[in-house]
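The values are calculated or read from the model by the stated rules, or taken from the named source; none is laboratory data. The structure presented is a predicted model; accordingly, all values stated were derived computationally and were not measured. We place every Cβ from the backbone using ideal geometry, glycine too, and count neighbours over all the protein chains shown.
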Amino acid sequence: MHVVITGGLGFIGSNFIRAVLRDRPDWRVTNLDLLTYAGNPANLADLERDPRYRFVKGDIAEPADVARALEGGADAIVNFAAESHVDRSILSAEPFVRTNVVGTVQLLEAARRLGSCRVIHISTDEVYGALGPDDPPFTEATAVNPTSPYAASKAAADHLALAFARTHGQDIVITRCSNNYGPYQFPEKLIPLMITNAIEGKRLPVYGDGRQVRDWIHVEDHCAGVLAVLERGRAGEVYNFGARSERYNIDIVARIVSLLKVQRELVEHVVDRPAHDRRYAMDAAKAEQELGWRPARSFEQGLADTVRWYVEHEDWWRAVKDGSYRDFYRTWYEERGP
């Protein structure tokens, strides 16, 4: 099987590529990635010589780049490529529309031309909007109601994917997942930012009162779910993934402080961001029942493992935080061409 994975040098995409090549040794992977700020070739540096792995530097919003990745055909496209940081979407929505909407359309059109190519479109729980403290978790039937430019761009992509499935009869499946955490996550996100700042003895900035609630899932559990959808998901369907692990942000920060044995005085409450959703929670019963999928890690174990990974991979995150990873690895790939 040949799978084209977009955004494979990002956090979730790189973990998914590792999972595929580990668990499906007879598969081949082509990784199409633009090498934006969140794409880090160090995430997959040890796979560079693996004959099953091919890298293509390119933009999913550019038809020629998509065509290069699909040379020789593909059995499936798994679209992880996305602008995903809410704060950045508040500052400027245009890059989110280009990648998340225009890019998705280009992939859908390319798959339609191939004819028999399955598309797994990776979305987010944020398309559903926010929940009240006593509301039941989101199900696949929950109305889409995004509140940030990022979430709106992903919702638009979801609607387009389902429209292509219904209009053209394409084999397309959407997955929506709760907050991921784990190895190789860019340290602008809550958990890696708190871990790395704590190691450095820097302030730990917490938005508002810190009582925003998220359902947290380890990235490897999410990747196992995406693989299950790729192999067994029903065309035209949406599958939610979550770990029934709702936590206040401030409690997660406190746990990181405890695990790293740093001073609680490092925690600093800062002005909340605009339209900050208070709670997300996912009902993953459909994926559990239809796909036989279950998260394998408790949050407590997963967070401890994640803290340990960042402690043991200080060279990786320091290069990300000071920007030096970009120059070295961009040059490496540019010298070798597309």
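Of the listed requirements (1) closer than 16 Å to Tyr280 by Cα; (2) out of contact with any Pro (no Cβ under 7 Å at 6 or more places or on another chain); (3) part of a helix (DSSP H, G or I); (4) not charged (D, E, K, R), Val127 misses just one: (2).
The residues listed here are Phe96, Phe186; of these, the one that is under 17 Å from the mean Cα position of the chain (by Cα), in a helix (DSSP H, G or I), under 25 Å from Val213 (Cα atoms) and of a type in the set (Phe, Trp, Tyr) is Phe96.
One residue stands out in segment 22-44 among those that are outside any loop (DSSP other than H, G, I, E, B) and touching a residue at least 60 places away in the same chain (Cβ under 8 Å): the one that is farthest from Gly7 (Cα to Cα), namely Asp23.
Is it true that Ala224 is modelled with pLDDT of 95 or more and surrounded by fewer than 19 Cβ atoms within 10 Å (Cβ to Cβ)? Answer is no for this residue. In this entry, Asp315 passes the filter for residues that are surrounded by fewer than 18 Cβ atoms within 10 Å (Cβ to Cβ) and either outside any strand (DSSP E or B) or modelled with pLDDT under 95 (or both).
Of the residues making up segment 72-94, those that are at pLDDT 95 or above and over 22 Å from Val219 (Cα atoms) are Gly73, Ala74, Asp75.
Cβ separations smaller than 9 Å between residues 6+ apart or across chains give the following pairs from segment 188-202 residues that are under 19 Å from Gly302 (Cβ atoms) and of a type in the set (D, E, K, R) to residues that are surrounded by fewer than 22 Cβ atoms within 10 Å (Cβ to Cβ) and modelled with pLDDT under 95: Lys189/His85.
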